[in-house]
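Visitor: Below are the structure tokens for one structure; questions will follow.
The values are calculated or read from the model by the stated rules, or taken from the named source; none is laboratory data. Owing to the predicted nature of the structure, the values given are computational and were not obtained by experimental measurement. Cβ atoms come from the backbone with ideal geometry, glycine included; neighbour counts cover every protein chain shown. Side chains are part of the model used for accessible areas, which takes the heavy atoms of the whole protein and leaves out ligands, DNA and RNA. Shrake-Rupley method; radii C 1.70, N 1.55, O 1.52, S 1.80 Å.
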Amino acid sequence: MESRLLPIFLVALSFSPFVHSLVRHYKFSVISKNSTRLCSTKSFVTVNGQCPGPTLYAREDDTVLVRVTNHVKYNITIHWHGIKQLRSGWSDGPAYVTQCPIQPGQSFVYNFTTTGQRGTLLWHAHITWLRATVYGGIVILPKRGISYPFPTPDKEKIIILGEWWKSDVEAVLNEAESSGLPPNISDAHTINGHTGPVPGCTSRGYTLHVESGKTYLLRIINAALNDELFFKIAGHKLTVVEADASYVKPFETDTIFMSPGQTTNVLLSADQGVGKYLIAVTPFMDAPIGFDNVTSIATLRYKNTPPYPTTTLTTIPALNATPLTSHFIDSLRSLNSKEYPASVPLTVDHSLFFAITVGLNPCDACPTGSKLVSAINNITFVLPTTSLLEAHYYNVKGVFTDDFPAHPPIVFNYTGTQPANIQTNNGTRLYRLNFNSTVQIILQGTAMIAPENHPFHLHGYNFFVVGQGPGNFDPEKDPLGFNLVDPVERNTIGVPNGGWAAIRFRANNPGVWFLHCHLEVHTTWGLKMAFIVDNGNSPHESSFPPPNDLPKC
């Protein structure tokens, strides 16, 4: 679909040069499809019969209209991951947060702008585990006449990383919820939908075709459900120029690291000898828990490479290569130029401390009598049966409270000896922010049951990662080392295993905005919350009214 949509997009751009922004129309048909991967055939949910689905193209400041029609037996929503949705929270997509889901046989038109944004993002289903196969890329090009702040590439390629289960993913989720135990891990990782050869199955892999002497902009997206991933091309260096659709100071590396929901743009110079080179996607895991340990293999192939060449191989990172991930993350810095300033809030109105825990709650229906849950400040978030945004907009009582705790109820040694009581409290509790107030959140990992890296995604905003480190956050010493000059600007941040991350943002987008771990297993367990951002004093500081076709619960 990408190859068919791009020419249409380019033709649209050839209209009057005086048109600075356009309206882009897309049709997403959610349908089931039978396909064979890993030598096993199954039916799964797709958009337009594709996995990955079609790439959405726009320019900065365009308006995008996507009509999503549901032809499957499941309810569906689509989230435009990283789109700020300025005043248009109705189109953000998380089920029961900003909308009721699109029911079978129904349609909904998502309507949003790309104001002030350019770069690579992703879209995906945002209900149950359907995003395992319902996902695709978003490419927002700069305004006409505005060039990239790095050498213009000869060509651009989209690389989407994912996970694949031989089993029906919804059945995997249902089994886990019934047992109260972790779900079965995926069977393979994918590159643009291809698993590549794995033990026991010679599946065809993805091939990246290049020409000698040309420079390529690779738009790399981690659309996996539960795995953080390394990306590496044998014999080639990669220059990182963007993260989460925000430009960064360029730096060179041979290994990219991304958490689920993150995107990274890199420049690839086809400067090696004509031949075939291995592309490897491998998982990162520095905790003793189950994960998919299958390496996905693709190839980079130069034009004029003879048939059946020997593939140039590469070493792959260790599974627990924490120093490598830390070095990559520490290398990310905002441009902080005149054109692209880093507007970091220097004062803080709301100072929040969120302790991330995994707990064990009673479950009469579970075989062991208990189930694994996850929580922020000991609150396991429970989604309502209606939309939180609608309840807020219409002032409906009894759906939620706005008393989400700003700090853990009990202070303990977060990364050391854990409390004896690991039961959590269920609740639909939100945190309220005044319009244009500034927010700092310390995301503190803990050692409770299953310590690991947690990639947290904030809807409706970018944020600045002003600091991170190992162990327990020290409120006296650690802020002294905060980077308030050129911190990386993101929408998804990996909170390190046994450590913390500090983020800041300005609450200048009214609505209800989800904050959650982007490991789908943890979101399912309740590792999520939401902010209410009140309207400001003027009409352009207030949420738009709901659209007429907003789905009903």
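Visitor: Please flag any cysteine in the chain that has no other cysteine's Cβ under 4.7 angstrom from its own Cβ.
Guide: When partners are defined as cysteine Cβ atoms under 4.7 Å apart, the chain leaves C51, C517 without one.
Visitor: Which one of T98, L430, P345 has its Cα pushed farthest toward the positive end of the charge dipole of the chain, where Lys and Arg give +1 and Asp and Glu give -1 at the Cβ?
Guide: Looking along the dipole axis, the top candidate is T98.
Visitor: Could I ask something else about it? What nm value, rounded to one decimal, do you get for the distance between S351 and T314 when each label is placed 7 Å out toward the C-beta?
Guide: Placing both labels 7 Å along Cα→Cβ, they lie 4.3 nm apart.
Visitor: Let me ask something else. For the chain, what is one quarter of the convex hull surface built on the Cα atoms, given in nm²?
Guide: Numbers: hull surface 100.9 nm².
Mean projected area of the Cα convex hull: 25.2 nm².
Visitor: In debye to the nearest 20, how big a dipole does the chain give about its Cα centre with +1 on each Lys and Arg Cβ and -1 on each Asp and Glu Cβ?
Guide: Working: 39 positive and 40 negative charges, 297 e Å.
Using Cβ point charges on Lys, Arg, Asp and Glu, the chain gives about 1420 debye.
Visitor: Can you give the percent of C-alpha pairs in region 214-292 whose distance is more than 14 Å?
Guide: Everything past 14 Å amounts to 64 percent.
Visitor: Counting alpha carbon pairs within less than 8 Å and at least 6 residues apart, what relative contact order, in whole percent, applies to the chain? Please list the in-between numbers first.
Guide: Values: 1474 pairs, mean separation 77.6, N = 553.
Reported as a whole number, the value is 14 percent.
Visitor: So which trypsin sites (Lys or Arg not before Pro) in region 16-120 end up in coil per DSSP with only 16 or fewer other C-beta atoms within 10 Å? Working shown, then result.
Guide: Numbers: sites: R24, K27, K33, R37, K42, R59, R67, K73, K84, R87, R118; in loops: K73, K84, R87, R118.
Here the sparse-neighbourhood loop sites are K73.
Visitor: Quick one: plug the Kirkwood hydrodynamic radius of region 428-492 (C-alpha pairs) into Stokes-Einstein at 20 °C, 1.002 mPa s, and report D in µm²/s.
Guide: Numbers: Rh = 14.1 Å.
The diffusion coefficient I find is 152 µm²/s.
Visitor: Another question, then. Can you give the accessible area per residue of region 438-553, in Å², using a 1.4 Å probe? It would help to have the intermediate numbers written out before the result.
Guide: Values: 3630 Å² over 116 residues.
Per residue, region 438-553 has 31 Å² of solvent-accessible surface.
Visitor: Related question: Can you give the FRET efficiency for H407 and T41, using 1/(1 + (r/R0)^6), R0 = 51 Å, r = Cβ-Cβ distance, to the nearest 0.05? Don't skip to the end; give the middle numbers.
Guide: Values: r = 51 Å, r/R0 = 1.00.
My answer for the efficiency is 0.50.
Visitor: A further question follows. Please go through region 250-338 and write out the trypsin sites (Lys or Arg not before Pro) that DSSP classes as loop and that have at most 11 other C-beta atoms within 10 Å. If you can, show how the numbers build up before the last one.
Guide: On the way: sites: K276, R301, K303, R333, K338; in loops: K303, K338.
Listed in order of number, the matching sites are K303, K338.
Visitor: Okay, moving on. At 7 Å along the Cα-to-beta-carbon direction for both L181 and N434, put a label point, then send me their distance in nm to one decimal.
Guide: 5.1
Visitor: Looking at region 43-94, I'd like the Rg to Rh ratio, where Rg is from alpha-carbon atoms and Rh is Kirkwood's inverse mean 1/r. Show your work: numbers first, answer last.
Guide: On the way: Rg = 12.6 Å, Rh = 12.9 Å.
Rg/Rh: 0.97.
Visitor: Got the relative contact order for region 463-543 handy, in percent, Cα pairs under 8 Å and 6 or more residues apart?
Guide: Working: 109 pairs, mean separation 23.9, N = 81.
Relative contact order for region 463-543 comes out at 30 percent.
Visitor: In the chain, which longest range has no GluC sites (Glu not before Pro) that are both DSSP loop (not H, G, I, E or B) and surrounded by at most 15 other Cβ atoms within 10 Å?
Guide: Numbers: sites that count: E211, E339, E476.
The reported range is 1-210.
Visitor: With an 8 Å cut-off on Cα pairs and a minimum separation of 6 or more residues, tell me the relative contact order of region 35-173 in percent. Present the calculation step by step, with values, prior to reporting the outcome.
Guide: Numbers: 256 pairs, mean separation 43.5, N = 139.
It comes to 31 percent, rounded to a whole number.
Visitor: Computed over the Cα atoms of region 315-402, what is the ratio Rg over Rh, Rh following Kirkwood? Intermediate results must be reported in sequence, preceding the final value.
Guide: On the way: Rg = 21.3 Å, Rh = 18.9 Å.
Checking Rg against Rh, the ratio lands at 1.13.
Visitor: Quote the FRET efficiency, to the nearest 0.05, computed for E339 versus E211 with a Förster distance R0 of 41 Å and r equal to the Cβ-Cβ distance. Could the numbers behind the result be given before it?
Guide: Details: r = 31 Å, r/R0 = 0.76.
E between E339 and E211, to the nearest 0.05, is 0.85.
Visitor: In cubic angstrom, how much convex hull volume per residue do the alpha carbon atoms of region 103-196 span? Display every interim value, and only then the final one.
Guide: Numbers: hull volume 16.7 nm³, N = 94.
With only Cα atoms used, region 103-196 gives 178 Å³ per residue.
Visitor: Then there is this: Using 0.36 nm times the number of residues separating D271 and A420, minus their current alpha carbon distance, what extension gain do you get? Display every interim value, and only then the final one.
Guide: On the way: separation 149, 0.36 × 149 = 53.64 nm, distance 5.77 nm.
Length gained between D271 and A420: 47.9 nm.
Visitor: Once the Cβ-Cβ distance between T368 and N174 is put in as r, and R0 is 22 Å, what FRET efficiency do you end up with, to the nearest 0.05? Spell out each step's value before the answer.
Guide: Numbers: r = 17 Å, r/R0 = 0.78.
After rounding, the FRET efficiency stands at 0.80.
Visitor: Quote the convex hull volume per residue of region 169-261, based on C-alpha atoms, as a whole number of Å³.
Guide: Values: hull volume 13.6 nm³, N = 93.
Hull volume over Cα atoms, normalised by residue count, gives 147 Å³.
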